[in-house]
Every structure is written in C-alpha cells, then in structure tokens.
1. Ignoring ligands and nucleic acids, what accessible area does T87 show with a 1.4 Å probe (Å², nearest 10)?
2. Counting only protein chains, not ligands or nucleic acids, how are H48, H7 ordered by accessible area (probe 1.4 Å), most first?
3. I need two numbers for the chain: Rg to one decimal and Dmax as a whole number, Cα atoms only, in Å.
4. Of the chain, which part is the longest with no GluC sites (Glu not before Pro) in a loop (DSSP not H, G, I, E, B) and with at most 14 other C-beta atoms within 10 angstrom?
5. How much area per residue is accessible in region 10-152 when the probe is 1.4 Å and only protein heavy atoms are counted (Å²)?
6. Using unit Cβ charges (K, R positive; D, E negative) and no other charged atoms, how large, in debye to the nearest 20, is the dipole of region 10-152 about its Cα centre?
7. Carbon and sulfur: what percent of region 1-107's accessible surface (1.4 Å probe)?
8. Using a 1.4 Å probe on the protein heavy atoms only, what accessible surface does L5 show? Give it in Å² to the nearest 10.
Amino acid sequence: MTRTLAHAPIMVLNGPNLNLLGQRQPEIYGPETLADVEALCAATAARHGGSVDCRQSNHEGQLVDWIHEAREGHCGIVINGAAYTHTSIALLDALNVCEGLPVVEVHISNIHQRESFRHHSYLSQRADGVIVGCGIQGYAFAVERVVSLLAAG
Ligand code: DQA
C-alpha cells in the first residue's frame with residue numbers, strides 16, 4: 001500500500017556513529033551535526049507539505065525494528081545504514097518486507113573512493129536510489145527523491 005506524504009512521515013534512519021557527526025572525522029563527514037541533518041530533512045519535506053520522523057541508533061536490531069515500524073506507518077524511508085550498510089543482511093531483509101515503500105540510501109562520503117570494504121552495500125539491492133558523496137546535502141536529495149517517487153505513484 002502506498003501512503004501519501006500528506007498523511008504519513010518519511011522515516012529518516014541513521015546508523016552507528018552518526019550521532020557523532022560534526023565530531024567524527026570531520027575531514028570525511030564534514031562539520032555538520034546530526035541535528036543539522038535532521039533539520040535539513042524536515043525543511044526539505046516541509047517544502048512539499050510533508051514531515052519526517054528522524055531516528056538514529058548504534059544498534060542493528062533497533063534499526064530493524066524501526067524499519068518494521070516504517071512499513072506500518074510511514075510513506076518512505078531515507079536510510080544511512082553507516083557501517084551496517086556493508087555487513088547487514090538483517091537490514092536488507094527488513095527493507096525487503098517494505099513492499100511499495102520508496103527507499104533511498106544515503107552516504108555522506110563517497111564510499112567508492114574509500115576502502116574496498118565500503119564499496120559493497122547490502123542495502124543497495126533494495127534501495128530505489130542511492131546517493132553518495134554529496135555531504136549532508138545528500139539527505140535533502142534523498143528526501144526529494146522519496147517525494148518524487150511518491151508523486152509518481
Ligand atoms: C557512511 C559510510 C560508511 O562506510 C561508514 O561506515 C559510515 C558513514 C557515510 O555516510 O559516508 O559510518 O555511511
């Protein structure tokens with residue numbers, strides 16, 4: 001079932017260590033904080049009459065539970081799985097039960113320019129779009145893309 005932007009928020013999920021954005025390797029991830037990311041997502045969704053539900057966890061199972069919640073009550077998912085991107089079949093399996101829900105994967109850094117273990121993403125197999133290397137602006141692009149996919153029906 002496709003939910004509309006006007007009636008359900010977009011779930012914005014951030015994985016491990018992203019709570020430390022701004023302090024964590026700013027030469028790679030930039031100076032902005034997670035609060036800045038969440039404000040950007042909220043402003044982007046609001047321009048389209050929508051809203052976001054932003055959550056961050058350092059725990060894989062918590063992220064799985066939130067993806068299940070999104071399946072019931074949200075209109076799309078923006079996800080930066082952080083390190084779990086490269087390891088987690090559990091997150092992929094959870095996304096795979098979100099049939100019909102637009103899913104856009106984001107990475108702040110360009111994972112393809114980094115260590116080879118970052119080049120593969122389990123989540124990309126399910127994601128409708130993947131945005132890498134655009135800094136935190138990538139989250140705005142991801143929210144925009146969810147909005148476009150919802151509009152396309
Ligand atoms: C990241 C890239 C991942 O490889 C890394 O483990 C992260 C952040 C990014 O946003 O660039 O924690 O997902």
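The values are calculated or read from the model by the stated rules, or taken from the named source; none is laboratory data. None of these values were measured; they are calculated from a predicted model. Cβ placement follows ideal geometry from the backbone for every residue including glycine, while neighbour counts extend to all protein chains displayed. These accessible areas exclude ligands, DNA and RNA; they are computed on the full protein's heavy atoms, side chains included. Shrake-Rupley method; radii C 1.70, N 1.55, O 1.52, S 1.80 Å.
1. Accessible surface of T87 is approximately 90 Å².
2. Ranking H48, H7 by accessible area, largest first, yields H7, H48.
3. Computed over the Cα atoms of the chain, radius of gyration and Dmax are 14.1, 41 Å.
4. Maximal segment without exposed cleavage sites: 1-98.
5. Spelled out: the 1.4 Å probe surface of region 10-152, per residue, equals 44 Å².
6. Here the size comes out at about 240 debye.
7. The value for region 1-107 is 52 percent carbon and sulfur by accessible area.
8. Probe radius 1.4 Å; accessible area of L5 about 30 Å².
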